[in-house]
1. Can you tell me which residue in the range 104-133 is surrounded by the most Cβ atoms within 10 Å (Cβ to Cβ), limited to those that are part of a helix (DSSP H, G or I), within 12 Å of the ligand (Cβ to nearest atom) and of a type outside the set (A, V, I, L, M, F, W, C)?
2. Which of the numbered conditions does I26 fail, given that it passes all the others? Conditions: (1) part of a helix (DSSP H, G or I); (2) in contact with a Ser or Thr (Cβ under 9 Å, 6 or more places away or on another chain).
3. Counting just the residues of the range 71-97 that are without any contact (Cβ under 8 Å) to a residue 12 or more places away in the chain and in a loop (DSSP other than H, G, I, E, B), which one comes out most open to solvent (accessible area, probe 1.4 Å)?
4. Within the range 48-66, work out how many residues are open to solvent by 60 Å² or more (accessible area, probe 1.4 Å) and over 26 Å from P17 (Cα atoms).
5. State all residues of the range 44-70 that are closer than 19 Å to A137 by Cβ, in a helix (DSSP H, G or I) and more than 16 Å from the ligand (Cβ to nearest atom); if no residue qualifies, say none.
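The values are calculated or read from the model by the stated rules, or taken from the named source; none is laboratory data. Quick caveat, the model's predicted, so the values are computed rather than measured. Here Cβ is always computed from backbone atoms with ideal geometry, including for glycine, and neighbour counts include all displayed protein chains. What goes into the accessible areas is simple: the full protein's heavy atoms, side chains included, and nothing from ligands, DNA or RNA. Shrake-Rupley method; radii C 1.70, N 1.55, O 1.52, S 1.80 Å.
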Amino acid sequence: MASALKNLSTYDETNLPSAAGLSFGIVVSDWNADITHALYQGCLDTLVKHGVSEDDIRTAQVPGSFELPVGAKIMAGVKRFDAIICLGCVIKGETQHDEYINNAVATGLTNLSIASGIPCIFGVLTPNTHEQALDRAGGKHGNKGVEAAVTAIRMASLRKELAKPSAKIGY
Ligand code: DLZ
């Protein structure tokens, strides 16, 4: 398993650009709320820790992960966020529902990111069990919401940086 021996939420804080002045949308799925709300807290704490003002964070709740792409699309139409973070948890069950939802969310967020130019971050857990989800929502594998926030800060900063005129001429 790729993540078996790693705490995925460890990152080099000194290497992350300040997120002050950047604005973020967060879309949270209420399905498996004990997990997604823990992801949300990790995400929010990380954004604030890196300088984002709470006034520059807008949160929307959607019923399930399947609704994350349209929630993000609505959010993208409300304000020009520097990045939109989508948080959910789809636990494998007896049927293939998880594959349909996960594929739809991944494709939807990819398409929205490319079409809008706003990074839409995939913060969706796809575990086999509830225990695996807990491990990744503040348990032994860290908090995936923290990672989603770090990814959002990096992508939002990159977007801002590349929008500046380059000082260099030629190569
Ligand atoms: C229907 C459903 C099921 C069975 N499981 C999950 C889940 O594990 N995680 C999740 O976020 N959502 C689940 N849903 C709800 C769908 O995402 C969606 O909200 C409904 O199918 C209505 O479109």
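1. From the range 104-133, those part of a helix (DSSP H, G or I) are 104-116, 130-133; that's our starting set.
Narrowing further to those that are within 12 Å of the ligand (Cβ to nearest atom): 104-105, 108, 130, 133.
When the remaining residues are screened for being of a type outside the set (A, V, I, L, M, F, W, C), the result is 108, 130.
Details: G108: 20, H130: 13.
Looking at residues that are part of a helix (DSSP H, G or I), within 12 Å of the ligand (Cβ to nearest atom) and of a type outside the set (A, V, I, L, M, F, W, C), I get G108.
2. That leaves (1) as the condition not met.
3. Within the range 71-97, the subset without any contact (Cβ under 8 Å) to a residue 12 or more places away in the chain is 77, 93-97.
Pick out the ones that are also in a loop (DSSP other than H, G, I, E, B) and you get 93-96.
Working: G93: 39, E94: 194, T95: 85, Q96: 104 Å².
If we take residues in the range 71-97 being without any contact (Cβ under 8 Å) to a residue 12 or more places away in the chain and in a loop (DSSP other than H, G, I, E, B), then E94 is most open to solvent (accessible area, probe 1.4 Å).
4. 3
5. Within the range 44-70, L44, D45, T46, L47, V48, K49 meet the criteria.
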